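Working notes for the structure below.
The values are calculated or read from the model by the stated rules, or taken from the named source; none is laboratory data. Please read these numbers as outputs of a predicted model, since none were measured by experiment. Neighbour counts are summed over all protein chains in view; Cβ atoms, including those assigned to glycine, are modelled from backbone coordinates with ideal geometry. Only protein heavy atoms, including side chains, enter the accessible area calculation; ligands, DNA and RNA are left aside. Shrake-Rupley method; radii C 1.70, N 1.55, O 1.52, S 1.80 Å.
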Amino acid sequence: MGPDRCGQALLQIGVNMMALPGGRHLDSIPLPGQRLHLMQVDSVQRWMEDLKLMTECECMCVLQAKPISLEEDAQGDLILAGGSGPGDPLQLLLKRGWVISTELRRIGQKLAQDRWARVHSMSVRLTCHARSMVSEYSAVSRSSSQEMGQIEKLLMEKCSELSAVTERCLQVENEHILKSMKACVSETLSTLGQHFGQLLELALTREVQALVRKIDASDNIYTTESTTGNLFSLTQEGAPLCRIIAKEGGVVALFKVCRQDSFRCLYPQALRTLASICCVEEGVHQLEKVDGVLCLADILTDDSHSEATRAEAAAVVAQVTSPHLPFTQHLSSFLESMEEIVTALVKLCQEASSGEVFLLASAALANITFFDTMACEMLLQLKAIRVLLEACSDKQRVDTPYTRDQIVTILANMSVLEQCASDIIQENGVQLIMGLLSEKPRSGTPAEVAACERVQQKAAVTLARLSRDPDVAREAVRLSCMSRLIELCRSPSKRNSSDAVLVACLAALRRLAGVCPEGLQDSDFQQLVQPRLVDSFLLCSNMEESFV
């Protein structure tokens, strides 16, 4: 996900600063507040900009004599448009950090290609960017620490060394000497990257500490709102910054906000920030230390809180119970409040006024069913199947494959319980599952296509599990589920060539065939049911649709 590294040089904080965690983060995040504009600049464009301020007749001569580079990377130099505002050290660090990280990556690429002229020119430019970051940050930051001063000195020394050694390489023609010098350049670049990463992490840590202290000490709603917003913006820059925020007390400060009635209107913003921080292990550990689960349970069960507040609390629950994060499985405090939280989430699903609220609540429920098997029994007692199936017919609440993915996940996990089958039949759930087998993307984006594949796969898994009950199996056959399963197996385009969907459909088809074999043609039985599962899988996965 992050940019390429030059060897093992760059610390994650330096290079992967823009890498994004999972959860609700966007795929691409511009810098918050002040945006960073990158322009592709070539010689002609540069001359046209200068022409507005110049009237000398020599301009035409300059244009004719100016070389126009054919190198693609020469036209991709990074020009910063719109500097950070005065006294804005965070924006300065993020902007300069992004540019220097990019330059380090590109120098590593050109070094691997032995393009020494570009390596040297980019090294000189890197030195300028590093010097600018150090001087600008010193001008706007608080008193610098001795440790930062030492790292700044080491960074600039390595920048000078890199520029000098790459300049010497331009004068060398002997390949053996160049090869040995290349190793020296690579080592210098690696050390430079480490110093840059250390300096950036130290500087960002100082700024985060200042924000956390400000939130912790403030009793002014406007100050707290502004500072919390700044902290949320930082969480969008990736996991490394979330770790810094967690280590510096950000989780503790935000839960302090969520426990003060005077800050009730700020609960959604604080909870949204907490959900982002808890994508890293340090954030979840801090949440448990301050009894964060109990605070979330109090918010979810208190109807006096707005729907937006309870939805954001559900988002935090969804994050800390995510089955994709191994460290969340050891959240022991969650079990103590699980019944209250599950009950509140089912109610939130039932009363949700929008698709986003329903999505957050159902995602939390889906993750909880992975977190502990008792949750499925609780959901059965709370008549959650009826709530979820009724919501499927409400386009205001369930209108995307992402939401249907959460619903079918809950159904699939609940279907391991024997008593679940009768509730599914009673609520016409088999017909809904049949419809989920036909899930199709609207936009064709990779994320939506992947969501549709998950819906089809989990629908087939749910059907296979429920078909242990003969009544469910007969109802599925009556609704022509077997025909749809056969279509998904035989036609790769219907399942987007997904192997996971194919395996689930073959398993469901075999379960139904065991109850109602008369629903299959001989060719389907011989190819999809009778052979070993792996043989049927290989047969279907190698099928090519013919257009002849």
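Structure summary
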item: Residue ID - nearest to Cys481 (Cα to Cα), chosen from residues in region 424-441 that are in a loop (DSSP other than H, G, I, E, B) and either touching a Cys at 6+ places or on another chain (Cβ under 9 Å) or without any contact (Cβ under 8 Å) to a residue 24 or more places away in the chain (or both); result: Leu437
item: Given (1) of a type outside the set (Gly, Ala, Ser); (2) on the phi > 0 side of the Ramachandran plot; (3) modelled with pLDDT of 90 or more, number of the condition Asp114 does not satisfy; result: (3)
item: Within region 455-505, considering residues that are within 32 Å of the chain's Cα centre (by Cα), under 16 Å from Ser415 (Cβ atoms) and of a type in the set (D, E, K, R), the one least open to solvent (accessible area, probe 1.4 Å); result: Lys458
item: Enumeration of residues in region 225-243 that are open to solvent by less than 10 Å² (accessible area, probe 1.4 Å) and in a helix (DSSP H, G or I); result: Thr227, Thr228, Leu231, Leu234, Thr235, Leu241, Cys242
item: Cβ-Cβ under 7 Å pairs, at least 6 apart or on other chains, region 526-548 side closer than 16 Å to Cys505 by Cβ and modelled with pLDDT under 90, far side part of a loop (DSSP other than H, G, I, E, B) and not acidic (Asp, Glu); result: Val529/Leu520
item: Complete set of residues in region 111-122 that are open to solvent by less than 20 Å² (accessible area, probe 1.4 Å) and farther than 18 Å from Leu155 by Cβ; result: Leu111, Val119
item: When residues of region 84-107 are limited to those that are under 20 Å from Ser163 (Cβ atoms) and open to solvent by 20 Å² or more (accessible area, probe 1.4 Å), the one modelled with the lowest pLDDT; result: Arg96
item: Residue check, Glu187 open to solvent by 60 Å² or more (accessible area, probe 1.4 Å), over 30 Å from Leu90 (Cβ atoms) and at pLDDT below 90; result: no
item: Residue within region 323-332 that is surrounded by 17 or more Cβ atoms within 10 Å (Cβ to Cβ) and β-branched (Val, Ile, Thr) present; result: yes
item: Pairs, first part of a helix (DSSP H, G or I) in region 105-133, second among the polar types (S, T, N, Q), C-beta under 6 Å, six or more apart; result: Val119/Thr166; His120/Thr166; Ser123/Ser163; Ser123/Thr166; Val124/Ser163; Thr127/Ser163
